[in-house]
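Q: I have a structure here, written as structure tokens, and I will follow up with some questions on it.
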Amino acid sequence: MFAAVLEGFGSSDDRVAAAVALRSLPLDPRSLAALHRGMLGQDPRVRHECAKSLLCLAGRPEREPAIDDDPDELLGAFAVRTAGLHGDRATFAVELGPADYAAPHHRTARIYLAGARLSGPDRSHVPTLCNIGVYTTYPDRAPDYPNLRRTLEDFGFGGLPESVTLDVTATAATLDAVAEALEFDMDVSRWRATEILIGDRSRLALEIGPSDGTQLRTCTLWLDGVIATPFDNTAYVPQFAHSLRLDAAAYQAGRMPDFARWGPTTDGLDTEWAQDGTLRYRLPSPFVREGALRLNVDEIVAVLEAAADVLTAG
């Protein structure tokens, strides 16, 4: 709730209070991302309190923020939070390097099996690392860790020992810890402010994250000053861009399609067009909000077409 207030366009006092409150709450990805966003705004009080909260959460409450503090550098203090060794090198372990919030889909990782470091890419694809446990155990089957050999080989790792005996409980704990660490940092990256902003966040905008060469990409919808995709802002690019272009063409042809029916990314948003052209909306939790906004058709088309162009350009 406090993160949603900080991300939005409410009063300065409310946003300052939210930034202060976040420093005393348990650490979570959305809070870190919201504080990063707050440091990029125009209000100096909000920027100061966001910087102070990031320093407090990073364990440096004694430092007073400077006016020229770099938001990316302060957020980067958390990049080593999930780094380190997960597991036991003598049996099975994954050693993660620091997170890269600007390029979240790749990360330094070393894998050890029976005391030997496996050959393979030092900078691995993060979804691949997350899926080692999935491909090894399968959701509907008992753990079968002999499959770990084939899984690691399929993911490009080599030099595996001939024979390894793995403890089921310990191996499961290692895989779970790795997935949890990677997902935390991926979530920070998904919700932090990105460089590609199309439109006006206080009215209608799409904020697009960097491309990682796959067909998935962060696409955050802003409506009336609030993030309207609070649960899922990862879009399948071919489908999402196609949906944007279809709606843009419909608006240009004088039709008013259901707003933001662009697939799973925007499923939580309820909207309807009033006869006078006003868009009535209900934003989902954690920032439940109902309202109405008058949007110009040319404004909508410009945002949708520009966003589709960015997505299809790769």
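Q: Check whether at least one residue in the range 154-177 is under 30 Å from Cys50 (Cβ atoms), part of a helix (DSSP H, G or I) and modelled with pLDDT of 85 or more, and report yes or no.
A: yes
Q: Can we say Thr214 is at pLDDT below 95, part of a loop (DSSP other than H, G, I, E, B) and open to solvent by 10 Å² or more (accessible area, probe 1.4 Å)?
A: Against the criterion (at pLDDT below 95, part of a loop (DSSP other than H, G, I, E, B) and open to solvent by 10 Å² or more (accessible area, probe 1.4 Å)), Thr214 qualifies.
Q: Is there any pair linking a residue in the range 124-153 that is more than 23 Å from Leu216 (Cβ to Cβ) to one that is open to solvent by 70 Å² or more (accessible area, probe 1.4 Å) and modelled with pLDDT of 75 or more, with Cβ under 8 Å and at least six apart or on different chains, and which?
A: The qualifying pairs are Pro143/Val168; Tyr145/Val168.
Q: Next question. Does Thr220 satisfy being part of a loop (DSSP other than H, G, I, E, B) and β-branched (Val, Ile, Thr)?
A: Answer is no for this residue.
Q: When the residues of the range 76-97 are narrowed to those that are in contact with a Phe, Trp or Tyr (Cβ under 9 Å, 6 or more places away or on another chain) and free of Cβ contacts under 8 Å to residues at least 24 places away in the same chain, which ends up surrounded by the most Cβ atoms within 10 Å (Cβ to Cβ)?
A: Among residues in the range 76-97 that are in contact with a Phe, Trp or Tyr (Cβ under 9 Å, 6 or more places away or on another chain) and free of Cβ contacts under 8 Å to residues at least 24 places away in the same chain, the one surrounded by the most Cβ atoms within 10 Å (Cβ to Cβ) is Glu95.
Q: Out of the residues in the range 191-207 that are of a type outside the set (A, V, I, L, M, F, W, C) and in a loop (DSSP other than H, G, I, E, B), state the one that is surrounded by the most Cβ atoms within 10 Å (Cβ to Cβ).
A: Ranking the candidates gives Arg192 first.
Q: From the list Arg255, Arg282, which residue is closer than 26 Å to Phe2 by Cβ and of a type outside the set (S, T, N, Q)?
A: Arg282
Q: Condition first: closer than 17 Å to Leu27 by Cα and surrounded by 14 or more Cβ atoms within 10 Å (Cβ to Cβ). Can you find one or more residues in the range 109-129 that meet it?
A: For the range 109-129, residues closer than 17 Å to Leu27 by Cα and surrounded by 14 or more Cβ atoms within 10 Å (Cβ to Cβ): absent.
Q: Give, as residue ranges, the helices (runs of 4 or more DSSP H) completely inside the range 3-83 that count at least 3 residues that are touching a Cys at 6+ places or on another chain (Cβ under 8 Å).
A: Correct list: 29-38.
Q: Only one of these conditions is not met by Arg15: (1) in contact (Cβ under 8 Å) with a residue 24 or more places away in the chain; (2) more than 26 Å from Pro127 (Cβ to Cβ); (3) open to solvent by less than 30 Å² (accessible area, probe 1.4 Å). Which number is it?
A: So the condition that Arg15 fails would be (3).
Q: Also, I was wondering about something else. For Val5, work out the one condition from (1) touching a Lys or Arg at 6+ places or on another chain (Cβ under 7 Å); (2) closer than 22 Å to Arg60 by Cβ it doesn't fulfil.
A: Result: Val5 passes all but (2).
Q: Okay, moving on. Within the range 86-112, how many residues are within 25 Å of Ala33 (Cα to Cα), among the hydrophobic types (A, V, I, L, M, F, W, C) and out of contact with any Leu (no Cβ under 7 Å at 6 or more places or on another chain)?
A: The total comes to 4.
Q: Here's something else I'd like to know. Whether any residue in the range 105-125 is touching a Phe, Trp or Tyr at 6+ places or on another chain (Cβ under 6 Å), at pLDDT 85 or above, part of a loop (DSSP other than H, G, I, E, B) and on the phi < 0 side of the Ramachandran plot is what I want to check.
A: yes
Q: For residues in the range 230-284 being basic (Lys, Arg) and touching a Ser or Thr at 6+ places or on another chain (Cβ under 8 Å), which is farthest from Thr194 (Cα to Cα)?
A: Looking at residues that are basic (Lys, Arg) and touching a Ser or Thr at 6+ places or on another chain (Cβ under 8 Å), I get Arg280.
Okay, residues lined up against (1) basic (Lys, Arg); (2) open to solvent by 20 Å² or more (accessible area, probe 1.4 Å); (3) at pLDDT below 95; (4) within 22 Å of Gly209 (Cα to Cα):
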site: Tyr236; (1), (2), (3), (4): no, yes, yes, yes
site: Leu244; (1), (2), (3), (4): no, no, no, yes
site: Ala249; (1), (2), (3), (4): no, yes, no, no
site: Thr266; (1), (2), (3), (4): no, no, yes, yes
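Q: Take the residues in the range 41-75 that are at pLDDT 90 or above and aliphatic (A, V, I, L, M), then tell me which one is surrounded by the most Cβ atoms within 10 Å (Cβ to Cβ).
A: Restricting to residues being at pLDDT 90 or above and aliphatic (A, V, I, L, M), the top hit is Leu54.
Q: Let me ask you something else. With respect to Leu223, is the statement that it is open to solvent by less than 20 Å² (accessible area, probe 1.4 Å), under 14 Å from the mean Cα position of the chain (by Cα) and either of a type in the set (A, V, I, L, M) or modelled with pLDDT of 90 or more (or both) true?
A: For Leu223, the condition - open to solvent by less than 20 Å² (accessible area, probe 1.4 Å), under 14 Å from the mean Cα position of the chain (by Cα) and either of a type in the set (A, V, I, L, M) or modelled with pLDDT of 90 or more (or both) - is not met.
The values are calculated or read from the model by the stated rules, or taken from the named source; none is laboratory data. Values in this document were obtained by computation on a predicted structure and should not be read as measured data. Glycine gets a Cβ as well: all are built from the backbone with ideal geometry, and neighbour counts include every protein chain shown. Heads up: the accessible areas ignore ligands, DNA and RNA and are worked out on the full protein's heavy atoms, side chains in. Shrake-Rupley method; radii C 1.70, N 1.55, O 1.52, S 1.80 Å.
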